[in-house]
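Values in this text are rule-based calculations from the coordinates and carry no lab data. Small disclaimer: the values here were computed from a predicted structure and weren't measured. With ideal geometry, Cβ positions are generated from the backbone for all residues, glycine too; neighbour counts draw on all protein chains shown.
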Amino acid sequence: MNSESPTSRPSDEAAEIVAWLEGRGEHEAAGRVRALADRLGEWEAQVTRQVVDTLAVHHDIRNALTGVLGNAQLVLMGPGAEVPGVRRRLESLVHEAERIKDITDRLHQARAGLLASGNGKGEPGGQAA
């Protein structure tokens, strides 16, 4: 049994334990370990799907942010930007919006990575949105 490897998957370790138990004639214990491993796998897939769904908000955030950025940039080009203090505040708004945009890009990359690994929808090579 290889419980030392940091990259081994619980399902692989469970299969090793089941084989070891079966080899010792411990069929009931092997069946219990197999059932627990199956439940763990189902739970892991469900949690991963929920994470992927949660990370999908990047699209909604980015769409709203496009409107905020566009309007702030338009005001910066107009006469309103010459009012004392307005330009600085608008530039700060644009800067913070760009930071949020970078964060949403990271959310999108995390979601795409989960989908590509097959963990997002339970299918290998799932499609990233």
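Only one of (i) 104; (ii) 138; (iii) 115 was calculated from the structure for volume of the Cα convex hull per residue in Å³, and its label is (iii).
Each residue, residue 27 and residue 91, gets one label point 7 Å from its Cα in the Cβ direction; the gap between the two is 7.9 nm. Given +1 at the Cβ of Lys and Arg, -1 at the Cβ of Asp and Glu and no other charges, the dipole of the chain around its Cα centre is 620 debye to the nearest 20.
Using 0.36 nm per residue and subtracting the Cα-Cα separation, the extra length available between residue 68 and residue 51 on full extension is 3.4 nm.
Counting other Cβ atoms within 10 Å as a rough exposure proxy, the listed residues 20, 43 run 43, 20 from fewest neighbours to most. What you get for segment 56-122, charging only the Cβ of Lys and Arg (+1) and of Asp and Glu (-1), is a dipole of about 180 debye around the Cα centre. Taking the centroid of alpha carbons for each part, segment 88-111 and segment 9-55 are 40 Å apart. Between residue 83 and residue 103, the FRET efficiency estimated from the beta carbon spacing at R0 = 30 angstrom works out to 0.50. Just checking the listed ones, 109, 50, 73: in the Gaussian network model of the chain with Cα springs under 10 Å, the one fluctuating most is 73. Between the listed residues 74, 46, 114, the Cα displaced farthest toward the positive end of the dipole of the chain, a dipole computed from Cβ unit charges relative to the Cα centre, is found at 74.
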